[in-house]
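Readers should treat all values here as calculations from the given coordinates under stated rules, not as data from a laboratory. Just so you know, these numbers come straight off a predicted model, no measurement behind them. Here the Cβ positions follow ideal geometry from the backbone for every residue, glycine too, while neighbour counts run over all protein chains shown.
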Amino acid sequence: MGDPTIPILDLRGVGKEYRLGDQRIEALRGANLTAGKGEFICLIGASGCGKSTLLRIVAGFETASAGEVLMWGKPIDGPSPSRGMVFQDYGLFPWLSVRRNIGFGPASRGRPGAEVRETVDRFVELVGLNRFADAYPHQLSGGMKQRVAIARVLANDAEIVLMDEPFGALDAMTRERLQDELLDLWSRTGLTVLFVTHSIEEAIFLSDRVVVMSPGPGRIESELRVGLARPRDVAAPDFNTIRRDLGLRLHSHHGRKAA
Ligand code: ADP
Ligand code: MG
């Protein structure tokens, strides 16, 4: 599994068509994307360009209508704990405590109780929720709920974390804090992250590489490597240069000219 010449994730010519009555919707066409282990990749683009579809295919919730989707060189043929999804609306079990939400995956895979408890303790600690371990989702702030969602995926031994606008429902302050925390987690764990966002700034702040998508049909338009050292300064001139470049790429899809 440690072969550095095998990418952890490889999409080759991936297409997806949905049927809606007698209509056919081409949600994704000819998507090529390779992720190395430990890469942080952001997907950005107008709504309807197939970002969620791409993530769901990698998660194994949907099958591609065309092309190949490989993890460690093997076709993805369904969901797996090694690929965990984090949603904007958290997706927690409201009837379970923080502890039991995080332990749900390992417990349902039949891990022994002591091992589940140890895993839960580790991830509760890692996302800073010790004081809330026995609370229920409705007792938590949005930011805390999203920390639980992230911990739950990690406790399940995910190697690839799929994040679909995970911070979209949070206020700006909480969002910035979670961005910092996520980068901290990522740098300590070697996770590979595919992160969907509408925010150019968030994409540049977080990622090694930004993938720009466009709609009708959904496709990958271009890629941009963000070579800036971390932690990044959103007000720095080189950050702004990339911001402008990405803005141009995104707006060109709407036929709008840059100022
Ligand atoms: P994004 O996440 O970039 O907004 P989506 O991947 O959700 O885009 O959707 C891409 C396109 O596919 C859109 O036109 C959307 O309406 C359509 N679509 C997504 N899911 C389905 C579905 N289950 N059935 C039919 N059409 C769908
Ligand atoms: Mg979406």
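Springs join every pair of Cα atoms under 10 Å in this Gaussian network model of the chain, and among Glu115, Glu221, Glu159 the largest mean-square fluctuation is at Glu115. Averaging over all projection directions, the Cα-based convex hull of the chain occupies 15.5 nm² in the image plane.
If the segment from Arg19 to Trp72 were pulled out straight at 0.36 nm per residue, it would be longer than the present Cα-Cα gap by 16.0 nm. A simple rule links phi to the HN-Hα coupling: the Karplus curve 6.51 cos²θ - 1.76 cosθ + 1.60 with θ = phi - 60°, which for segment 159-166 gives 9, 10, 10, 9, 10, 9, 6, x Hz, with x for Gly and Pro. Our summary gives the chain a relative contact order of 25 percent, counting only alpha carbon pairs under 8 angstrom and 6 or more residues apart.
Each residue of segment 1-132 gets 166 Å³ once the volume of the Cα convex hull is shared out per residue. The alpha carbon radius of gyration of segment 30-92, expressed as a multiple of 2.2 N^0.38 Å, is 1.15. Its DSSP H runs of at least 4 residues, each contributing -39,500 (n - 2.57), put the calculated 222 nm mean residue ellipticity of the chain at -11000 deg cm²/dmol, to the nearest 500. Along the chain, counting only chymotrypsin sites (Phe, Trp or Tyr not before Pro) with a DSSP assignment other than H, G, I, E or B and at most 16 other Cβ atoms inside a 10 Å radius, the longest segment between sites is 96-259. Taking every alpha-carbon pair under 8 Å whose residues sit at least 6 apart, segment 36-99 reaches a relative contact order of 22 percent.
Using θ = phi - 60° in the Karplus curve 6.51 cos²θ - 1.76 cosθ + 1.60, the 3J(HN,Hα) couplings for segment 232-241 round to 8, 10, 5, 9, 6, x, 5, 5, 5, 4 Hz; x is entered for Gly and Pro.
Rounded to the nearest 20 debye, the dipole magnitude of the chain is 260 debye, with +1 charges on Lys and Arg beta carbons, -1 on Asp and Glu beta carbons, and the Cα centre as origin. What shape does segment 80-173 take by its C-alpha gyration tensor, where a ≥ b ≥ c are the square roots of the eigenvalues and a/c under 1.5 counts as rounded, a/b above b/c as prolate, and the rest as oblate? It is oblate, given that a/c is not under 1.5 and a/b is not larger than b/c.
GNM remark for the chain: springs join alpha carbons under 10 Å apart, and the peak mean-square fluctuation among Asp164, Asp121, Asp134 falls on Asp134.
Its alpha carbons give segment 148-259 an Rg and a Dmax of 14.9, 47 Å.
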